[in-house]
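These notes are about the structure you will find just below.
The values are calculated or read from the model by the stated rules, or taken from the named source; none is laboratory data. What you are looking at is a predicted structure, and each value in this text was computed from that prediction instead of being measured. Backbone-built Cβ (ideal geometry, glycine too); neighbour counts: all protein chains shown. These accessible areas exclude ligands, DNA and RNA; they are computed on the full protein's heavy atoms, side chains included. Shrake-Rupley method; radii C 1.70, N 1.55, O 1.52, S 1.80 Å.
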Amino acid sequence: MEFKGTKLEDIIVTLPFADGTSVECGVYSYFEVNNKEYFAMLPLKGKKQLDFSQKYMLYEVKEDEEHNPIVLYIDSDEEYAIAARYFSNQLK
C-alpha cells in the first residue's frame, strides 16, 4: 500500500506530546473518509516493527509541495469519531 507514491512501511512519524516526550510511529493504514485522508499509526518497537500491543492512533494527513506527508491532529471530536468508526469497520 502506498501514500502518494511512498510505501507506507517506509513512513516513520515522530509524534511530539505536550509533556515534552515523543514517540516514533509507523503507518499501519491509510484511508479516506469524507474527502479527508487519514493515517492509522502504531508506535514502533525496534527500528521499523509496529507494536501491535499498543492502541492505534488516528491522524489526518496531507502532503506538502514536495509530496511529503504532513500529519495533523484531529481537533474535532465528531471528525475523530467518524474516522475511528470507519477505521474500526476496516479491521473487521
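What are the ³J(HN,Hα) values, in whole Hz, obtained from phi via the Karplus relation 6.51 cos²θ - 1.76 cosθ + 1.60 with θ = phi - 60°, for each residue of segment 14-25 in sequence order, with x given for Gly and Pro?
For segment 14-25, the Karplus curve yields 9, 9, x, 10, 4, 7, x, 8, 8, 9, 8, 10 Hz.
Given a 10 angstrom Cα cut-off, can you work out which residue in K62, K48, K36 is the most mobile in a GNM of the chain?
K36
On a straight-distance basis, which lysines could pair with K92 in a cross-link, Cα separation under 25 angstrom, same-chain partners fewer than 8 positions away excluded?
K7, K36, K45, K48, K55
Loop by DSSP (not H, G, I, E, B), at most 10 other beta-carbon atoms within 10 Å: where is the longest site-free stretch of the chain for GluC sites (Glu not before Pro)?
With a cap of 10 other Cβ atoms within 10 Å, the longest stretch comes to 1-64.
In vacuum, with every alpha carbon of the chain counted as one equal point scatterer, what does the Debye formula give for log10 I(q)/I(0) at q = 0.15 Å⁻¹? Two decimals, please.
The calculated log intensity ratios at q = 0.15 Å⁻¹ are -0.57.
Considering only protein heavy atoms and a probe of 1.4 Å, how much of the accessible area of the chain is carbon and sulfur, as a whole percent?
Ligands and nucleic acids excluded, carbon and sulfur give 47 percent.
Among Y38, Y30, Y80, which one shows the biggest mean-square fluctuation in a GNM of the chain, springs joining Cα atoms closer than 10 Å?
It is Y80.
Choose one answer from D19, D51, D75: the residue with the largest mean-square fluctuation in a GNM of the chain with alpha-carbon springs under 10 Å.
D19
So for Y28, Y59, what's the accessible-area order with a 1.4 Å probe, most first?
Most to least solvent-accessible, the answer reads Y28, Y59.
Only Cα pairs under 8 Å and at least 6 apart count here; give the relative contact order of the chain as a rounded whole percent.
18
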